[in-house]
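Working notes, beginning with the structure itself.
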Amino acid sequence: MLGIRKLFGSKTDFRSLVQSGAVILDVRTPAEYKTGHIKGSVNIPVDQVGAHITDLKKKNKPVITCCRSGARSAMAASVLKTAGIEAFNGGAWNELSNKI
């Protein structure tokens, strides 16, 4: 059972993360963000995430990344994890909004 869980990952409780103060980081372009986003989310395009590592670390909170489909948010979560930030790929922003 442990091997299967490790292979497919465990279900992340995004609602609990948000309730405990997690930062929702929308990594789409500003134009995409303006068309709709999760209330209270922060918009930093994926290609600029690396430049904001220090600011995100100062928040001392987990970060949930999201985008249009989940691809850019996966890249951003990887960058954040590499920098030592607890990060979760929330996938598509509109689907994540239903989970929180």
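Figures for the structure shown
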| read-out | value |
| --- | --- |
| Region 49-89: number of residues that are touching an Asp or Glu at 6+ places or on another chain (Cβ under 9 Å) and part of a strand (DSSP E or B) | 4 |
| Hey, ILE38 surrounded by 17 or more Cβ atoms within 10 Å (Cβ to Cβ), in contact with a Ser or Thr (Cβ under 8 Å, 6 or more places away or on another chain) and outside any loop (DSSP other than H, G, I, E, B) or not | no |
| Conditions (1) without any contact (Cβ under 8 Å) to a residue 12 or more places away in the chain; (2) open to solvent by 80 Å² or more (accessible area, probe 1.4 Å); (3) among the aliphatic types (A, V, I, L, M); number of the one not met by MET75 | (1) |
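The values are calculated or read from the model by the stated rules, or taken from the named source; none is laboratory data. The structure presented is a predicted model; accordingly, all values stated were derived computationally and were not measured. Every residue, glycine among them, receives a Cβ derived from its backbone with ideal geometry; neighbour counts consider all protein chains shown. Side chains included, ligands, DNA and RNA excluded: accessible areas come from the protein's heavy atoms. Shrake-Rupley method; radii C 1.70, N 1.55, O 1.52, S 1.80 Å.
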